[in-house]
Amino acid sequence: MLLMTRRKSLLTVPAAAAASMPAAAKPRSILELRYFQMRNSADGQMQRAGDFIRDSYMPALERAGGKVYGVFANLIAPDGPFLYMLSSFPGLGAMETALDKLNADTKYQKERSALYAKTGLAYQRMESDLFRAFATMPDVEVPPVEAGKPSRIFELRTYESNSPATLQKKIAMFETGGETAIFRRVGLTPVFFAEAISGRRMPNLTYMLVYDSLAAREKNWAAFVSDPAWLKLRATPGLSDAEIVSNISNILLRPLPFSPVR
């Protein structure tokens, strides 16, 4: 389902950086990425599912204590068409409570029944992956939107590891090794960083970046790979991709007009 990419790199986690890391300002959120596989057909699945998410699911989840932050369609990715929906909950307990509230929400249940009562399908299949946000970025960050600017491009990247131990090393590189700070400095603006706790291809970490355009994406990644701080990190032995990352994959997405993150 994902475009495959590889990045040869070496990173490190300096002890001084770890000691100086600030405590998280809030508890780490639970993020859900819900994937809807679509089909181009007379059912109008993309429109039908998108309208339901906008008009029914988003307000119902807000009433229940969760939040939909983003709804995205495929831009450059295999297996399209599809939608991705990014939601956030204060914790696993809060997510369970939200699900109970959705089941007891008579308005939402009526709207959901009406969706599935129509002829045809609203989508082909649905999958859900759960993540725990990083301590240094404990929830989704909504990038500011400038009036009059065209819709931006979002990249979803997944780093798979061979074991939970090697995954924690990779997470530490972002959390305490300085990689996230380098991202921000060169214009690779993050929307979230998170560790998978349930779903496919575990163990893995997944993150999302936003760009003004495809050209900006190329420019920002070129700045990253040539950044002196990055070059210094990758020169340290012991934490190469071959040792702690078994696969890197990515897809490019476009936000739907009603997506809060867009």
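Rule-based calculations on the coordinates, nothing more; no lab input. Note that the structure is a prediction, hence the values are computed from the model and not measured. Note that we place each Cβ from the backbone using ideal geometry, even for glycine, and neighbour counts take in every protein chain shown.
Starting with the highest mean, order 40-52, 180-192 by the number of other Cβ atoms within 10 Å, averaged over the residues of each peptide.
Values: 40-52: 15.9, 180-192: 17.7.
In decreasing order of mean packing, 40-52, 180-192 become 180-192, 40-52.
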Sequence-distant residues sharing a close amide H with K67 (under 5 Å, placed H): S88
Cross-link pairs K118/K149; K101/K149; K149/K169; K67/K149; K149/K232; K26/K110 - those with Cα-Cα distance over 32 Å: K118/K149; K101/K149; K149/K169; K149/K232; K26/K110
Cα point-scatterer Debye curve for region 147-194, base-10 log of I(q)/I(0) at q = 0.25, 0.30 Å⁻¹: -1.05, -1.21
Debye log10 I(q)/I(0) for the chain, one point scatterer per Cα, at q = 0.07, 0.14 Å⁻¹: -0.26, -1.02
Among I30, G70, Q45 the positive-end extreme of the charge dipole of region 26-79 (Cβ point charges): I30
Placed amide H near T189: partners under 5 Å, 5+ positions off or other chain: V210
Inter-part distance where region 213-260 and region 71-145 are each reduced to a Cα centre, Å: 26
Point-to-point label distance, D100-R63, nm (Cα→Cβ direction, 7 Å offset): 1.8
With Cα atoms, 0 to 90° folded angle of helix 92-104 axis to the chain main axis: 10
